[in-house]
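Heads up, the thing below is written out as structure tokens.
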Amino acid sequence: MSTEHFETETPNTRAWVIHPDIKSDRDRREANDALAEAIALGEALPNLDVEGGTVVSLPKVHAGMLFGKGKIEELRVMFNDNDIELVLVDGPVTPVQQRNLEKAWGVKLLDRTGLILEIFSDRARTREGVLQVEMAHLAYQRTRLVRAWTHLERQRGGLGFVGGPGETQIEADRRAIDDQMGRLRKQLEKVVKTRALHRAARAKVPFPVVALVGYTNAGKSTLFNRVTGADVFAKDMLFATLDPTMRRLEIEDGPEIILSDTVGFISDLPTQLVAAFRATLEEVLDADLILHVRDISHPETENQARDVMTILADLGVAETAPMIEVWNKIDLLDDSARDGAIETASRSDTLHVVSALTGQGLDDLLAAVSQTLTPDLHMETLNVPYANGKGRAWLFEEGVIEEESADETGYIFKVKWTARQAKKFRDL
């Protein structure tokens with residue numbers, strides 16, 4: 001008698017998204033747009049079915065439960081009626097609130113930080129990306145041990161083992177996390193050093209670096225693929241790209257460049273991830289030109305642009321590298337809005353409207369990139385003291401020296417360079 005083996009797929013987890021619209025928060029975003037983004041975040045996770053979403057108006061946050069008793073009961077009934085297993089709260093939830101809400105609703109709960117961490121865990125591909133996500137996860141877990149353990153009051157026996165007499169379980173758990181974070185930090189330092197060596201090797205190649213930055217799902221990877229012919233994962237999904245990808249690109253009648261596609265930014269990015277992914281954004285720090293890609297069809301495009309510029313300012317690059325703003329997805333605008341965007345761009349040297357999907361406007365954009373990277377050169381005579389070997393070496397590395405002579409005070413160089421190179425030299 002033969003038996004057949006059938007593989008059964010694990011069913012997807014049924015989830016519901018809640019956006020708390022806290023009236024006392026003056027900086028809060030438009031509630032329906034925020035809910036739509038939170039739903040898109042949930043849909044970015046595989047094995048998750050987002051069944052719906054709700055905006056919950058709150059005059060103020062309730063310390064222990066986040067919501068009032070009546071609203072908690074109302075939501076419990078709705079979750080029960082829809083067989084919801086996971087609730088995604090679009091905002092911060094304290095460990096105590098999380099424990100109380102899970103108990104009241106009989107579901108698992110993730111706040112915005114936890115959800116973004118889950119997406120990053122699913123998407124990270126490079127060794128550095130994986131390590132950074134693990135670090136961020138541990139930092140997040142460390143603050144939430146009060147929820148994760150049911151044996152918090154249990155004491156460890158004082159038998160002379162690690163931890164000593166009377167150490168609570170939560171202290172032991174925190175120390176285990178700290179030890180693991182220490183090991184990950186050492187591994188990450190090695191990876192970052194290797195990355196720095198690669199960057200140093202690239203710096204010797206006379207190709208300028210152009211970095212694509214922008215809010216998540218603005219179309220950076222689609223643009224990257226369109227102009228380089230690469231096959232980077234590009235999908236209408238938040239955080240489709242996490243690890244930076246770099247490709248050489250030869251612009252017609254222009255320079256050869258290195259184009260870098262980077263992780264998308266997002267509002268209220270968890271602080272753990274801002275720190276953890278700083279190294280991932282190092283390509284932006286070294287960029288000769290930044291292309292700020294915006295989804296101009298998105299109702300929140302202005303706020304998204306503001307969030308991106310805030311993060312760039314925090315990284316210290318918002319004022320150091322030239323920037324071109326790229327209004328992407330104009331194919332999604334109606335005729336009137338599209339004509340208006342094109343008219344606005346025609347009055348600016350640092351704004352271009354494109355459709356990465358159809359290719360509209362990309363030739364003009366690449367021409368602007370070429371012009372920005374090959375700016376006007378001017379001649380200048382420099383007196384460099386003999387003691388300034390670093391400055392002399394830098395001038396030769398840059399290839400800007402036209403003539404060289406010397407007198408009793410030092411070297412005399414006639415250089416042909418850009419205003420940016422002049423500034424870099426004087427900042428040495």
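The values are calculated or read from the model by the stated rules, or taken from the named source; none is laboratory data. Note that the structure is predicted; figures quoted are calculated from it, not measured. In this analysis, Cβ positions are derived from the backbone assuming ideal geometry, glycine residues included, and neighbour counts consider all displayed protein chains.
Annotations
- Per the listing R294, R347, the residue uniquely of a type in the set (K, R) and at pLDDT below 95 is R347.
- If the condition is being assigned to a strand (DSSP E or B) and either closer than 30 Å to L35 by Cβ or at pLDDT 75 or above (or both), then the range 205-245 contributes V209, V210, A211, L212, V213, G214, Y215.
- Some residue of the range 91-101 being crowded, with 18+ Cβ neighbours inside 10 Å, out of contact with any helix residue (DSSP H, G or I) (no Cβ under 8 Å at 6 or more places or on another chain) and farther than 18 Å from S57 by Cβ: yes
- Scanning the range 382-428 for residues that are more than 17 Å from P208 (Cβ to Cβ), part of a loop (DSSP other than H, G, I, E, B) and touching a residue at least 24 places away in the same chain (Cβ under 8 Å) yields Y386, T409, L428.
- Scanning the range 114-158 for residues that are in a helix (DSSP H, G or I), modelled with pLDDT of 70 or more and of a type in the set (K, R) yields R123, R127, R142.
- E325 vs. criteria of a type in the set (D, E, K, R), modelled with pLDDT of 95 or more and either surrounded by 13 or more Cβ atoms within 10 Å (Cβ to Cβ) or not in a helix (DSSP H, G or I) (or both): yes
- Residue identified as of a type outside the set (S, T, Y), farther than 30 Å from D427 by Cα and in the same structural domain as L249 (by TED's automatic domain parsing) among V353, V369: V353
- Residues of the range 42-73 satisfying the condition of being among the hydrophobic types (A, V, I, L, M, F, W, C) and either assigned to a strand (DSSP E or B) or in contact with a strand residue (DSSP E or B) (Cβ under 9 Å, 6 or more places away or on another chain) (or both): L45, L48, V50, V55, V56, L58, V61, L66, F67, I72
- For the range 294-316, the count of residues that are buried (at least 17 other Cβ atoms within 10 Å of the Cβ) and in a strand (DSSP E or B) is at least one.
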